[in-house]
Ligand code: PLP
């Protein structure tokens with residue numbers, strides 16, 4: 001028996017306040033921390049007890065162990081000098097909403113398990129559809145991640161092509177299904193193809209063209225024709241806008257015309273760049289997306305609608321639900337059919353009330369507040385690229401696409417570029433990552449953190465010069 005006081009709901013206000021103060025303090029002092037965690041592999045694990053506690057422990061002790069044991073192993077994704085990967089940025093209103101979501105802890109799987117969850121999701125996603133100026137034909141659903149959205153799209157391609165027999169009959173005995181994309185797409189596309197049972201060999205890589213490394217529409221047309229002639233089953237095309245490595249962006253309009261000609265489903269992965277499409281001046285980058293069958297973007301990658309949550313707009317919810325809906329008796333909503341049950345639009349049954357985060361976010365900043373951030377980030381990224389271009393120690397490898405560009409140290413080999421990345425990240429003042437462009441290692445830099453200022457971005461230049 002323990003004589004410790006086990007926490008109850010009566011203690012929530014106290015611990016909630018503690019957590020809120022801890023969070024505010026964390027953000028107030030975040031600039032004092034190295035961006036990338038500086039621990040060695042195994043260091044955190046070695047400091048944790050090997051066996052779980054048998055008796056209740058004091059919350060105060062657990063709380064102080066966060067600072068002592070956990071924080072050294074945290075890479076600070078909300079740090080204003082986080083220029084690595086794409087951001088996973090939070091904003092104060094979305095953090096507050098997430099705490100409220102955790103309190104409610106509802107499952108928004110069918111309408112009746114929380115009508116507000118469903119109806120807020122429908123409304124907030126329509127706000128975002130309007131913000132992106134997508135046609136009214138698009139209907140949105142929130143998945144946990146872009147990987148899930150793309151898997152849902154690939155499964156829909158598969159089922160449409162197999163005339164809705166794949167889920168029932170499986171794939172044995174079928175002709176090979178073929179899906180088309182460039183080498184610039186994110187690995188979540190490969191994984192969706194594996195999981196859907198289509199197989200990596202049937203992900204057909206189409207050559208790219210131009211500075212944006214867009215899929216070549218006539219090469220796509222040729223590949224589809226050649227597969228048809230070989231008796232294979234073309235099923236769909238996956239376009240990328242704002243690819244992960246250097247921002248590659250397809251000519252979606254040109255690809256949509258080819259896809260339509262062959263009756264193929266077109267999915268657009270704009271996980272990062274889609275955020276920027278709330279600004280009319282950047283929409284040329286995804287022109288033609290209005291012709292696609294679906295498009296995904298992650299508000300957590302740029303506009304501060306903190307992870308998790310990925311917005312998937314589909315032209316035909318009927319095709320999506322025909323692919324994914326499964327209705328056991330215990331999920332039947334007697335008398336309430338005709339409402340949306342979002343679990344029929346996505347892969348997991350359980351669904352958090354993620355729409356609340358987006359509702360807080362959009363209301364607390366307004367679209368104009370969010371646009372201002374995107375515009376600043378793009379401008380600061382271009383300014384920094386300009387300074388590096390003018391500096392004989394650096395060369396630009398790929399010009400900024402929105403707020404992402406890549407560069408190299410002049411006259412150094414690939415190993416030197418990697419050493420430079422490590423030196424920057426070990427130093428801790430900024431955090432960047434590397435990529436591969438045309439078989440050369442390049443340093444990748446993107447601006448996207450919610451609290452980043454122009455001074456932060458310009459200070460990154462000083463750090464690079466100092467450590468180059
Ligand atoms: N698509 C692109 C272009 C990405 O950059 C990423 C991740 O960085 C993803 C998809 C995968 O996103 P998620 O982690 O939400 O599955």
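Computed from the coordinates by the stated procedures, all read-outs in this text should not be read as laboratory data. The structure presented is a predicted model; accordingly, all values stated were derived computationally and were not measured. Here Cβ is always computed from backbone atoms with ideal geometry, including for glycine, and neighbour counts include all displayed protein chains.
To the nearest 0.05, what FRET efficiency results for residue 326 and residue 183 with a Förster distance of 45 Å applied to their C-beta separation? Kindly include the intermediate steps, with their values, before the conclusion.
Details: r = 35 Å, r/R0 = 0.78.
It comes to 0.80.
Based on alpha-carbon positions alone, could you give the equivalent ellipsoid semi-axes of the range 42-94 from the gyration tensor, as √(5λ), descending, whole Å?
Computed over the range 42-94, the values are 29, 16, 9 Å.
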Original post:
In what sequence, highest mean first, do 37-49, 383-395, 280-292 appear when ranked by Cβ atoms within 10 angstrom?
Top reply: 280-292, 383-395, 37-49
Subject >> Of every Cα-Cα pair in the range 204-351, the percent that sits beyond 22 Å >> reply: 49 percent
Original post:
Which value results when the Cα radius of gyration for the range 100-177 is divided by 2.2 N^0.38 Å?
Top reply: 1.45
Original post:
Can you give the calculated 222 nm mean residue ellipticity of the chain, where each DSSP H run of n ≥ 4 adds -39,500 (n - 2.57) and the sum is split over every residue, rounded to the nearest 500 deg cm²/dmol?
Top reply: -12500 deg cm²/dmol
Original post:
Given Cα pairs under 8 Å that are at least 6 residues apart, what percent is the relative contact order of the chain?
Top reply: 22 percent
Original post:
Where the centroid of each part is defined by its Cα atoms, how far is the range 360-392 from the range 58-136 in Å?
Top reply: 22 Å
Original post:
Using 0.36 nm per residue, how much length does the chain from residue 347 to residue 5 gain when fully extended, once their Cα-Cα distance is taken away?
Top reply: 119.1 nm
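List 421, 252, 66, 237 from most exposed to least, where exposure is judged by having the fewest other Cβ atoms within 10 Å.
Fewest-to-most Cβ neighbours within 10 Å comes out as 66, 421, 252, 237.
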**OP:** Quote to one decimal, in nm, the extra length available between residue 39 and residue 54 on full extension: 0.36 nm per residue of separation minus the C-alpha distance between them.
**Re:** 2.5 nm
**OP:** Please work out, to two decimal places, the log10 of the ratio I(q)/I(0) at q = 0.19 Å⁻¹ from a Debye calculation in which every Cα of the range 52-188 carries one identical scatterer.
**Re:** -1.34
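Which value, in nm² and rounded to one decimal, describes the direction-averaged projected area of the C-alpha convex hull of the range 206-288?
5.5 nm²
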**OP:** Can you figure out the FRET efficiency of residue 75 with residue 410, using R₀ = 41 Å and their beta-carbon distance, to the nearest 0.05?
**Re:** 0.90
Original post:
For all pairs of alpha-carbon atoms in the range 160-218, what percent lies in each bin of width 5 Å, listed from the first bin to the last filled one?
Top reply: 4, 17, 24, 20, 16, 11, 6, 3, 1
Subject >> Stokes-Einstein diffusion coefficient of the chain, Kirkwood radius over Cα pairs, 20 °C, 1.002 mPa s, in µm²/s >> reply: 89 µm²/s
Subject >> Computed log₁₀ I(q)/I(0) - Debye formula, equal Cα scatterers, no solvent, the range 341-421, q 0.12, 0.25 Å⁻¹ >> reply: -0.64, -1.13
**OP:** Provide the FRET efficiency to the nearest 0.05 for the residue 387-residue 230 pair, computing r from the beta carbons and using R0 = 45 Å.
**Re:** 0.30
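Of the peptides 132-138, 296-302, 259-265, 411-417, how do they stack up when ordered by the mean number of other Cβ atoms within 10 Å, highest first?
The densest-packed peptide leads the list: 296-302, 259-265, 132-138, 411-417.
Report the full-extension gain for the segment residue 281 to residue 423: residue separation times 0.36 nm, less the Cα-Cα distance, to one decimal in nm.
47.4 nm
Considering Cα pairs under 8 angstrom that are at least six residues apart, work out the relative contact order of the range 107-352 and quote it in whole percent. Could the numbers behind the result be given before it?
Values: 451 pairs, mean separation 66.0, N = 246.
Once divided by the residue count of the range 107-352, the mean separation gives 27 percent.
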**OP:** Using only the alpha carbons of the range 294-395, determine the length spanned along each of the three principal axes and report them from longest to shortest in whole angstroms.
**Re:** 69, 30, 22
Original post:
Can you give the Kirkwood hydrodynamic radius of the range 1-130 from its Cα pairs, in Å with one decimal?
Top reply: 18.4 Å
**OP:** For the range 362-467, list log₁₀ I(q)/I(0) at each q in 0.13, 0.14, 0.15 Å⁻¹, using the Debye formula over Cα point scatterers of equal strength and ignoring solvent, two decimals each.
**Re:** -0.48, -0.55, -0.62
